[in-house]
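Step one of this worksheet: look at the structure below.
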Amino acid sequence: MQPFAGRAAVAGIGMTALTRESGRTELELAVEACRAACADAGIGPRDVDAVLSYHMNDSAPAVQVARALGIERLGWHNDIAGGGTQAASILGDAAMLIHAGLARNIVIYRALNGRSGKRMNTVSTGPQERFTYGLAGPIPLFALAATRYLHDTGLTAEHLHAVVAQSRQNAATNPRALRREPLELAAYLAKPYVCTPLRTADCCQETDGACALLVSGVLDGPRVQAVVRGGGPGCSSMDRAPDVSAIFSAYVAPMLWEASGMRPSDVDVALPYDAYSWLVPRQLEDFGLVERGELGAYLLEGRHAWVNPHGGLLSEGYVHGLNNVAQAVRELRQGCEVALVTGFGGSYGSAALLVR
């Protein structure tokens with residue numbers, strides 16, 4: 001067990017409306033979400049003594065958010081440079097602060113104008129571009145990895161459609177979701193490719209909005225049981241990878257089960273980072289939730305309806321994965337016992353287990 005296991009609770013969650021053109025600054029979005037998370041936890045912003053966020057030079061700094069919230073005595077604060085890899089592991093940062101006695105109430109937020117402002121698909125894939133020629137942005141990079149994964153597993157466009165269609169169905173009753181309409185197979189196949197085998201529907205939403213969590217060592221709520229972070233050569237380092245389709249979960253899943261003392265069968269609800277449709281079966285396999293040979297039937301029969309029950313990043317919206325963590329808290333409040341959340345950044349990422 002990790003020393004901080006069970007010491008930190010997610011006592012509050014807050015979100016702004018998710019839109020494609022907010023007409024507001026990232027600071028305004030962040031403050032609204034943070035105030036909502038504090039109110040949900042039953043405290044005022046003045047009771048917050050630490051602020052954490054992650055970004056890709058597209059958000060409001062923690063100090064500015066703290067000032068706007070009226071936090072007069074700001075303690076530990078950090079703007080973590082990074083994207084989806086942080087969605088789960090930032091819970092570990094908060095839990096470690098609480099375990100160390102450095103904070104009691106911590107606000108975590110992610111705010112971005114991901115459609116009307118800086119768009120993720122224009123972000124450089126990094127230094128590996130020197131080796132993976134022609135990959136201009138993240139979608140071509142992960143489409144190449146997807147091609148290999150589909151080949152190795154025998155999954156097809158029909159299975160990718162099953163992932164997207166289920167996310168739409170799950171989002172149908174979610175008033176926050178940007179995509180709630182059904183998606184039939186013919187309509188899916190008619191969608192244009194961004195980069196084969198990924199069509200527009202296979203890629204997560206571009207969204208303006210903010211999400212915040214209030215993580216506390218003194219308030220009650222779903223507990224942070226285990227958090228891991230890591231990775232290795234894979235779809236982010238194709239020039240040196242024995243398996244270009246290996247995403248973060250191939251590396252962190254064994255770490256998570258070892259750190260938590262739990263098993264895949266303990267998980268009641270899974271909230272994997274679904275930036276692209278093929279990441280869902282890959283993570284179900286890597287975390288031991290579904291055997292590779294069962295994936296095809298599992299998806300076509302809709303047995304993955306318990307995955308991202310709010311619609312995930314594919315259908316609810318894209319707040320860089322933190323909205324999936326917020327949904328995990330909702331699910332635990334409503335009766336689930338164990339929730340798995342993940343953070344994706346290619347072959348590097350993170351995962352966490354939250355318990356009721």
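The values are calculated or read from the model by the stated rules, or taken from the named source; none is laboratory data. All values derive from a computational prediction rather than experimental measurement. We place every Cβ from the backbone using ideal geometry, glycine too, and count neighbours over all the protein chains shown. Ligands, DNA and RNA are excluded from the accessible area calculation, which covers all protein heavy atoms including side chains. Shrake-Rupley method; radii C 1.70, N 1.55, O 1.52, S 1.80 Å.
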Subject >> Failed item, numbered, when Pro254 is tested on (1) crowded, with 23+ Cβ neighbours inside 10 Å; (2) out of contact with any Cys (no Cβ under 7 Å at 6 or more places or on another chain); (3) under 20 Å from Val227 (Cβ atoms) >> reply: (1)
Original post:
So which of Gly288, Gly234 ends up being farther than 17 Å from Leu313 by Cα, in contact (Cβ under 8 Å) with a residue 12 or more places away in the chain and open to solvent by less than 40 Å² (accessible area, probe 1.4 Å)?
Top reply: Gly234
Original post:
If you scan the range 30-58, which residues turn out to be under 18 Å from Leu112 (Cα atoms), open to solvent by less than 30 Å² (accessible area, probe 1.4 Å) and modelled with pLDDT of 95 or more?
Top reply: Ala30, Val31, Ala33, Cys34, Ala37, Val51, Leu52, Ser53, Tyr54
Original post:
If you scan the range 291-315, which residues turn out to be of a type outside the set (Lys, Arg) and surrounded by fewer than 17 Cβ atoms within 10 Å (Cβ to Cβ)?
Top reply: Glu291, Gly293, Glu294, Ala297, Leu300, Glu301, Gly302, Ala305, Trp306
**OP:** Mind listing whichever residues of the range 174-195 are without any contact (Cβ under 8 Å) to a residue 12 or more places away in the chain and either surrounded by 11 or more Cβ atoms within 10 Å (Cβ to Cβ) or basic (Lys, Arg) (or both)?
**Re:** Ala187, Lys191, Tyr193
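So is Met15 of a type in the set (A, V, I, L, M) and either closer than 27 Å to Leu178 by Cβ or open to solvent by less than 10 Å² (accessible area, probe 1.4 Å) (or both) or not?
Numbers: of a type in the set (A, V, I, L, M): yes; either closer than 27 Å to Leu178 by Cβ or open to solvent by less than 10 Å² (accessible area, probe 1.4 Å) (or both): yes.
Judged against the criteria, Met15 is a match.
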